[in-house]
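A.B. asks: Can you keep this structure in mind? I'll have questions shortly.
Please treat every number below as a calculation from the coordinates, not as lab data. Quantities reported herein were computed from a predicted structural model and do not represent experimental measurements. A quick note on method: Cβ atoms are made from the backbone with ideal geometry, for glycine too, and the neighbour counts reach across all protein chains shown.
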Amino acid sequence: MKVRSAEFEISAVRPSQWPGGGLPEFAFVGRSNVGKSSLLNALLQRKSLARVSATPGKTQQMNFYRINDAFRFVDLPGYGYAAVSKSARGQFARFIETYLTAERPLLRVMHLIDIRHEPTALDVQMHRWLLQLELPVCIVATKRDKISRGAIQKHTARIRKALSTPWPMVAVSAVHRDGLEDLWKVLEDDLERWREGPPVLEPEADLADMAETPRTGRAEAASAAVSERPSPGPEAGEADVRIGQEHADKEHGASGEGRRA
Ligand SMILES: Nc1nc2c(ncn2[C@@H]2O[C@H](COP(=O)(O)OP(=O)(O)OP(=O)(O)O)[C@@H](O)[C@H]2O)c(=O)[nH]1
Ligand SMILES: [Mg+2]
């Protein structure tokens, strides 16, 4: 992706401040300090467009960035920072929930997980929730420069197992600028599908299905596209796009329906 322009638009604390205009969006979620802002800067090749915090829990608003006047990145508040008061944490959760369930053209949620550690209980909870919402997701394993190359596959496998997820995973380092091309590829494919328009409804779809078409339809389209990806080669550990669809369906029962290709 050639980033011709990247502008910070607004730090929003309430939905009325969210920018309009219907541009497609990608949201970045993850626990506090996982590297959301750093990843945004690395993807956009900007030093400090998104503020990187020395103290975790700093990004307490939703920050909107407009790229190439064509799409947006949305940096969501980090969860799980213990030093933030309980009421503030509740507010963050409501914030994130309001955004993720809003009628916006959200193409995919980037769920960031620190590659070094087993996903936390909150990571698992957040991921299950994303699966329930049937939003297309990409798992981004961050800070891969912090472990040896040889350990990447073992760590990504551990994350996949803990999250029990059908979604692709990309391991990145914002510091070494590794894995960014793989991640851009996921975003570019989403944008291309978006430009092609919503999928055509199945003729037998009933009215209840039609009411849900915008979001569910895109989730299905995204899932279909993901399933069509070629299976990973010998270096798959670096950008693991293996899809455990059958496993996930089993695991999540009927909630897997909406994502099946
Ligand atoms: N080694 C290494 N450090 C990183 C990487 N990405 C982020 N960091 C560091 O991790 C810390 C947190 O990074 P942020 O980008 O501010 O994390 P965040 O998820 O935006 O944090 P909050 O805004 O508090 O939720 C900073 O000290 C970064 O320099 C990476 O890829 N490699
Ligand atoms: Mg941040």
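A.B. asks: Kindly list the residues of region 168-189 that lie in the label zone of Ala70, defined by a backbone N under 11 Å from the point 7 Å along the Cα-to-C-beta vector.
C.D. replies: Counting only backbone N, you get 188-189.
A.B. asks: Go through region 39-49 residue by residue and turn each phi into a ³J(HN,Hα) via Karplus (6.51, -1.76, 1.60, θ = phi - 60°); whole Hz please, and just put x for glycine and proline.
C.D. replies: Residue by residue, region 39-49 yields 5, 4, 4, 5, 4, 8, 6, 10, 5, 8, 5 Hz.
A.B. asks: I need the peptides 68-75, 29-36 ranked by packing, meaning the mean over residues of other C-beta atoms within 10 angstrom, with the highest value on top.
C.D. replies: Numbers: 68-75: 18.9, 29-36: 24.5.
Per-residue mean Cβ counts within 10 Å order the peptides as 29-36, 68-75.
A.B. asks: Here's another thing I want to ask about it. For Ile10, which sequence-distant residues (separation of 5 or more, or a different chain) have an amide H within less than 5 Å of its own amide H, given hydrogens modelled in the peptide plane?
C.D. replies: Phe64
A.B. asks: On to the next question. Going down the list Lys2/Lys185; Lys47/Lys154; Lys2/Lys154; Lys143/Lys185, which pairs span over 21 Å between their C-alpha atoms? Display every interim value, and only then the final one.
C.D. replies: Numbers: Lys2/Lys185 12 Å; Lys47/Lys154 31 Å; Lys2/Lys154 32 Å; Lys143/Lys185 19 Å.
Table pairs above 21 Å Cα-Cα are Lys47/Lys154; Lys2/Lys154.
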